[in-house]
Each structure stands twice: as structure tokens, then as C-alpha cells.
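Chemist: Just passing along the structure, written as C-alpha cells.
We did not get these values from a lab; they are worked out from the coordinates using the rules stated. Being a predicted model, the structure only gives us computed values, none of them experimental. Ideal geometry is used to build each Cβ from the backbone, glycine not excepted, and the neighbour counts take in all protein chains shown.
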Amino acid sequence: MNVDSPMWVEIFLTILAASIPLLLAGLGELITEKSGVLNLGLEGMMLAGAITGFAFMAKTGSALIAITTAAAAGMAMSLLFAFLALTLLSNQVATGLALTLFGVGLSALLGKPFVGTAIPELPKLSIPGLSDLPIVGPLLFHHDFLVYFALLSVPAAAYFLLHTRPGLILRAVGESHDAAHALGYPVIRIRYMAVLYGGAMSGLAGAFLSLSYTPMWAENMTAGRGWIALALVVFATWRTGRLLLGALLFGAVSILELHAQALGIQIPSQLLSMLPYLATIVVLTLISADSTRIRLLTPACIGKSFHPPS
Amino acid sequence: MQQHFKHLGSGLLAAALAFTVTTTNAAEVKAGFILVGPVGDHGWSYQHNQGRLALAKNLGIKTTVVESVKEGADAERVIRKLATSGYNLIFTTSFGYMNSTLKVAKQFPNVKFEHATGYKRSKNVSTYGARFYEGRYIAGILAGRMTKSNIIGYIGSFPIPEVVRGIDSFTIALRKVNPKATVKVIWVNSWYDPGKESDAAKTLIDQGADVLLQHTDSAAPLQTAESRGVWGVGQASDMSKFAPKAQLTAIVDNWGDYYTQEAKAVMDGTWKSHDTWGGLKAGMVKLAPYNKAIPAKVVAEAEAARKAIISGELHPFQGPIKDQSGKVVVAAGETLSDQKLLGLNFYVQGVQGSLPK
């Protein structure tokens, strides 16, 4: 960390870090929902990723293995969801909720031996020359892999959705699975892939928490971030750019609350702790006031099971 | 959970179990513990479990522990379950268990209860605590000497007297050695929330703090201190393995001797409801080894204060003490009584912001 950075740079970096897990999980869910599947199991998948990444970091000491296995753990969880919801056509909402509860319990069980274990922090990837620049250096070029990955995933996801053929097909599946099926697209297979991508991203979000944000394992350490990420997808009206904005906004509210306290601003701290959640509710209310826009942007088939006509 | 409790199938079975408790041989002690965090928090709950293990080893009796029990309704359920499962000495180790403990105790007059850090007692409920503030006084000396920015960050859990006492004791020592230093406090409204504790630590560092104190139980603030290159002080346990460079010292709790003594009293039939409040002298509060980077002169100063507290020459809350407005609240030559300390509800001069009510 560059000690001479001005205070606002440090504050921004703290906000950025707070927003990264929301951004990762949110992007995964955005793609999943664009394909017409609503997976409410983010929290469970994040926890699976968090404990798996942590366990492999503690055992192998390799950041690469830790990150890969965390993504794989998230995918494994989402595969379970996909099998139940897409193949067996179970109710997506109920299955997603079950996935969250399952993930909370499973991660706590697997995490038992790792409570109180210390691991090295995820290494920061510095770019020689660029990282030493004043302000710009610490702001842009002094992060760990997951931060770069999350930030680059935003334009990548936007490009994929809006400018590629597979992205177009994915959206078509989400808008009308019957039409997509009639055109010969494998609706279920496409949805499987979207769900798996969502699982991998949630796994990485969890890994960011347990490897970088607070390099330790604590039961239920996601502390509701999966739900916030879900809300952010609606907040962003399924737009990637707005998702980034929402994640930063949310990170900012949760960090600035602490700054207000440290500056001795006279607001009850309990009220300040509520602020991020209040902000989400307010924004959701504002957005849903404009119902046509919401209808235009919402994937029309979201949450609906697809039963291929035989 | 290290031991799962069998679900009691019917009220009849519960009554039968309760009956076996009342007829238990006086010499037989089964000690149950409920903890607010996980055993592996390496802070508060970890030390209570260490105390339990010491007790089991010293006396060879059956003990059990229930981890991560939320304060409130859930605590009452767990305490009752322990009592109905035949545990006749129950330690409830968090402030927020106070009313639940008293409520259950009323229903199980033959079970002895020990509530940590509380102030309400009854015939079968004792209270015990440690004068952690004595340790925090020593931390104040170290922080005052080691800070360069003269800003200290303090992460609080809940604004209860226990925590406020720590902040005040720390600040009194801090200002004695460094009158220019001030303390910024952030309340995270949780005993154990690594993410939030870490956010608070970063915020305090961003606002210029170069020494962090915490009255929350995870090692996250120390880890943040380590990665940001500032100092920190461990809470409840030696947390140096999380922050080998950053930890100045840690205020370490030591419950083993007390737990052994209490279980023994139950065995001998001499147990009586009482209040225990031991500090450095009683060995209930200890300090982790000082960081090697602290100059010898500062270590000597801290050690002198520690010895003076043990001998009784020095009391952290001896006057003159000024509150935030500069008004003298404890006159020179006077010392705050234990009674006043237990209900302490104001910040001393040097703490910024105002105490949430």
C-alpha cells in the first residue's frame, strides 16, 4: 500500500473492496437471470466458494488452486440447482432458497477444522512502473487477481450479452423459451451453462471474502451479501454498467456509515448500520414505480420452468 | 457444536431428567458452557473454551460447550436444554445472556449458574468478570508511545459499560503519556463479524489512525492492521499469529483457574452466589508478550504500570479524571468505586464523538 496516497484514494479503495463480492455474485446472477432462470441460492454458493477457497489456500498455499477450486465449488452447488430446477423442473424459488440453506449448513460443517486458521493474504498483482504512479498506481494497478477479474468481467459480460451471437441466443432463451426452442436452440443446455457461470462467479465472490477481504474463515461470513447481490441485479435492471454502479454505491454507503461514526457525526450507530439496506429498498421502490421500463428489461421467462414439448 | 443435545421427546422425559438432576450426588459436577462466538474465534469464546478444558483436566469432570449462541431468546432455549440435560453448573459467557440466565435459573433452583460480565445475581446465579480495563490501561501506554499520527482507532462492539470502561481506561493511560493523542471510536454492533470489523479497521486507518484497539472478538482488525502497516492490540487471546508484525500486545483472558475453583466449590457443597471481579493481580487478565519492535524504555514503562496495578499503587481510574467537556468527574486523590465502574457511561477527555445512548 502506498502510504502517501491521499485519504480519498484510501477511502475509495476500501469502498471498491466492499463492492467486489457484490459485483462478482451480481454479474453471475445477471447472466443466469438473462437466460430466464432465477437462482436465489447466491448466499449458499458464495459460502461454498468461501470455505473451499479457504481450505485449499490453507492446505496448498497456492492462490491459483484456491481460486479455481472456489469457482468449482460454486459451480458444483449451481449444478445441483440446475439439475433440480431445469431437469426435474422443481420450483426455482423454492430450490434456490433450499440451496442457500444447504450452503450455509454445509460450509459451516466443512469449515469446522478451519476456524481460527491463519492464511496468507491473496497476493497483490502489481504492474512494474504503473503501480508506482501517484494516485493512479494504487487506484488502478495494485489489486489482487479477483479485483481485476471482477472489474474486467463487467465490460466482458456487457459485450457478450449485447454484441455476440451466443449472448443474443441466451437473451432469446430468457425472453421466450418456446420461441427459442422452436428455432432449434437447446434451451435447457443453454440455461445449464448460464446457471453454472452464475455458480462460478458466486464461488469467486465467496473466495474474495475468505481469501482477500478478511483472510479467515468464519461461519456465515457472507453475512447477507448474496441477498444484496440479488437485489442489485433488479436495481441494475439487468444492465451490467448499472450493476457496477449499484455495487459501488452499496459499498460506499456501508463504508461511509463507518466514516460518519469515526468522525463523530451524531447519528445513532444502529441507524447507520441500517442505511445500506434502506438504500436498497428505496432504490427498488423508485425503480418499480416505472413499470413499463421494468417490464421491458426484465427477462420475460424469468423463473418459469421450461418443459420441452415432445 | 462439539456435542449435540438429544431432542427431548416429551415433557415427561424432560421432567424425568429434571428429577435426576435434583437427585444427583452432590459430588458429581457436570459443567456446561454457552459461548457467543465460535470456539475458534481466537478471541473471547476461544479463551472460555480454554478455561473449560483446563477445568476438565484439573478435576476430571464432564463438561460440554455450545458455540455461537445468539444473545436473546435462543440463549434461553440453550441454557434450559443444558439444565434439563443434567448439567448442574452452567457458565453463560456473554453479557447479553444476563436475563435469559436469570429466567432459567429461577426454574432450576438446584442448578448453579455463573454469568460472565453481568451485574444481576440471584440465589443460584453468580457473576464473574475480569478487570480487562487494567490490561487496556497498559495498552494505552504502549499506544501513546508508539503512535506517530496521535490518532488511535477503537473498534467497539456494543456501547455497554464493559466496553466503555475499556475505552476510558485506555484513553486515560494514553493521554497520560501522550496528551495530544485522541481516540476515534466505531461501534459495529456485533461481537463477531469479521467483515464489518475489518471495514471499521480500514475506515479508522483511512482517517489517520496508526494504532487500532478492538473490543470485538475476531482477528480481522489485526489482520487489517498487519496488511496496512499499522499497530494493533489483540483482544482476549494472543492473536500474534494473525499479525506477527502489527500486534503490540494482547489483553489475554484466563478463566481456567476460576472455573476450576467454582466447580470444586460445587463438589464440596460450598458454592454460594457471589460476584468475582479479578484483574492482573488475580491472574484473570494477562498480557501477551510485547512486540519486539517496542523500544525497551516503553516496555519498561508498561511493565512498571503493570506491577503498580498489581501492587495496588496504581488504579487506572484514579483522579483527576476529566470527561469530554473538560469537567473534573473524579477529583485528584479519589478513585472511581467498583460500583461506579460497573455502570460507567461516559467518555473521558480524549475520546472523540459522543457515546450512543
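Chemist: Work out the length of the dipole vector of the protein assembly as shown about its Cα centre, built from +1 on the beta-carbon of each Lys and Arg and -1 on the beta-carbon of each Asp and Glu, and round it to the nearest 20 debye.
Modeler: Working: 55 positive and 42 negative charges, 136 e Å.
So the magnitude is around 660 debye.
Chemist: Using the count of nearby Cβ atoms within 10 Å as a rough guide to exposure, how do B:Trp231, B:Trp191 rank from fewest to most?
Modeler: B:Trp191, B:Trp231
Chemist: Go ahead and estimate [θ] at 222 nm for the protein assembly as shown from helices alone: -39,500 (n - 2.57) per DSSP H run with n ≥ 4, summed, over the residue count, rounded to 500.
Modeler: Working: 24 runs with 349 residues, N = 667.
My calculation for the protein assembly as shown gives -17000 deg cm²/dmol from helical runs alone.
Chemist: Tell me which residues come under 5 Å, amide H to amide H, from B:His115 once H is placed; ignore anything under 5 positions away on its chain.
Modeler: Placed amide hydrogens put B:Thr92, B:Ser126, B:Thr127, B:Tyr128 under 5 Å from B:His115.
Chemist: Right, here's the next one. Quick one: compute the contact order of the stretch B:86-241, relative version, from alpha carbon pairs under 8 angstrom and 6+ residues apart, as a percent. Each step should come with its number before you reach the end.
Modeler: Details: 284 pairs, mean separation 28.2, N = 156.
For the stretch B:86-241, the relative contact order is 18 percent.
Chemist: Ok, one more. 5 Å is the cut-off here: which amide hydrogens, built 1.01 Å from N in the peptide plane, fall below it relative to B:Gly278, excluding neighbours closer than 5 in sequence?
Modeler: Placed amide hydrogens put B:Gly129, B:Arg131 under 5 Å from B:Gly278.
Chemist: Amide H of B:Val330: which non-local residues (sequence gap of 5 or more, or other chain) have their own amide H closer than 5 Å, using H built in the peptide plane?
Modeler: Amide H neighbours of B:Val330: B:Ile321.
Chemist: ³J(HN,Hα) across the stretch B:236-247 via Karplus (A = 6.51, B = -1.76, C = 1.60, θ = phi - 60°), whole Hz, x for Gly/Pro?
Modeler: Running phi through 6.51 cos²θ - 1.76 cosθ + 1.60 with θ = phi - 60° gives 6, 10, 5, 9, 4, 5, 8, 8, x, 8, 8, 6 Hz.
Chemist: With a 10 Å Cβ neighbour count serving as the proxy for reagent exposure, in which order, fewest first, do B:Met146, A:Met45 appear? Intermediate values should be presented prior to the final figure.
Modeler: Numbers: B:Met146 19, A:Met45 38.
Fewest to most other Cβ atoms nearby, the residues stand as B:Met146, A:Met45.
Chemist: Among residues other than A:Gly199 whose Cβ falls under 14 Å from its Cβ, what is the net charge (Lys/Arg +1, Asp/Glu -1)? Spell out each step's value before the answer.
Modeler: Values: positive: A:Arg191; negative: A:Glu29, A:Glu33, A:Glu43.
In short, -2.
Chemist: For the stretch A:238-244, just list the computed ³J(HN,Hα) in residue order, Karplus coefficients 6.51, -1.76 and 1.60, θ = phi - 60°, integers in Hz, with x standing in for Gly and Pro.
Modeler: 6, 10, 5, x, 5, 5, 4
Chemist: Another question about this same structure. Sorted from largest down, what three extents in whole angstroms do the Cα atoms of the stretch A:12-297 have along their principal axes?
Modeler: 58, 45, 42
Chemist: Can you find, among A:His163, A:Ser62, A:Leu27, the residue sitting farthest towards the positive end of the charge dipole of the stretch A:12-297, where Lys and Arg contribute +1 and Asp and Glu -1 at Cβ?
Modeler: It is A:His163, whose Cα lies furthest towards the positive end.
Chemist: Hey, another quick one. Can you list the HN-Hα couplings for the stretch A:249-254, worked out from phi with the Karplus curve (6.51, -1.76, 1.60; θ = phi - 60°), rounded to whole Hz and with x for Gly and Pro?
Modeler: Each residue's phi maps through the Karplus curve to give 4, 5, x, 4, 4, 6 Hz.
Chemist: Given just the C-alpha atoms of the protein assembly as shown, how large is their convex hull per residue in cubic angstrom? Could the numbers behind the result be given before it?
Modeler: Numbers: hull volume 114.4 nm³, N = 667.
Each residue corresponds to 171 Å³ of Cα convex hull volume.
Chemist: Give me P(r) over the stretch A:7-117, computed from all C-alpha to C-alpha distances, binned every 5 Å, as integer percentages.
Modeler: Once binned at 5 Å, the Cα pair distances of the stretch A:7-117 give 2, 12, 18, 21, 18, 14, 9, 5, 1, 1, 0.
Chemist: Right, another one. Could you compute Rg(Cα) / (2.2 N^0.38 Å) for chain B, with N its residue count? All intermediate terms of the calculation are to be shown ahead of the outcome.
Modeler: Values: Rg = 20.9 Å, N = 357, 2.2 N^0.38 = 20.5 Å.
Cα Rg divided by the expected 2.2 N^0.38 Å: 1.02.
Chemist: Please state, to two decimals, what the Cα-based radius of gyration of the stretch B:108-150 comes to when divided by 2.2 N^0.38 Å (N = residues).
Modeler: Values: Rg = 18.0 Å, N = 43, 2.2 N^0.38 = 9.2 Å.
This ratio for the stretch B:108-150 stands at 1.96.
Chemist: Here is a follow-up. Residue farthest toward the positive end of the dipole of the protein assembly as shown, with Cβ of Lys/Arg at +1 and Asp/Glu at -1: which of A:Ala48, A:Ile11, B:Gln339?
Modeler: Going by the Cα projections, it comes out as B:Gln339.
Chemist: Tally Lys/Arg at +1 and Asp/Glu at -1 over every other residue whose Cβ is under 10 Å from the Cβ of B:Met284; what's the total? Spell out each step's value before the answer.
Modeler: Details: positive: B:Arg131, B:Lys281, B:Lys286; negative: B:Glu134, B:Asp253, B:Asp257.
Net of charged neighbours comes to 0.
Chemist: Let me ask something else. In debye, nearest 20: dipole of chain A around its Cα centre with unit charges on the Cβ of K, R (+) and D, E (-)? Walk me through the intermediate numbers first.
Modeler: On the way: 14 positive and 13 negative charges, 161 e Å.
For this selection, approximately 780 debye.
Chemist: Okay, moving on. Which of the peptides B:31-43, B:215-227, B:152-164 is most tightly packed, and how do the rest follow, going by the mean number of other Cβ atoms within 10 Å of each residue? Provide the component values of the computation, followed by the final result.
Modeler: Values: B:31-43: 25.8, B:215-227: 28.5, B:152-164: 23.2.
The most tightly packed comes first, giving B:215-227, B:31-43, B:152-164.
Chemist: Just how large is the dipole of chain B about the Cα centre, in debye to the nearest 20, putting +1 at every Lys and Arg Cβ and -1 at every Asp and Glu Cβ?
Modeler: Details: 41 positive and 29 negative charges, 40 e Å.
Computed charge dipole of chain B: roughly 200 debye.
Chemist: Please provide three numbers in whole Å: the alpha-carbon extents of the stretch A:180-310 along the principal axes, with the largest listed first.
Modeler: Projected onto its principal axes, the Cα set of the stretch A:180-310 covers 66, 39, 22 Å.
Chemist: Which chymotrypsin sites (Phe, Trp or Tyr not before Pro) from the stretch B:96-142 combine a DSSP loop assignment with at most 15 other Cβ atoms within 10 Å? Mind showing how you got there, number by number?
Modeler: Values: sites: B:Tyr97, B:Phe113, B:Tyr119, B:Tyr128, B:Phe132, B:Tyr133, B:Tyr137; in loops: B:Tyr119.
Hits after loop and neighbour filter: B:Tyr119.
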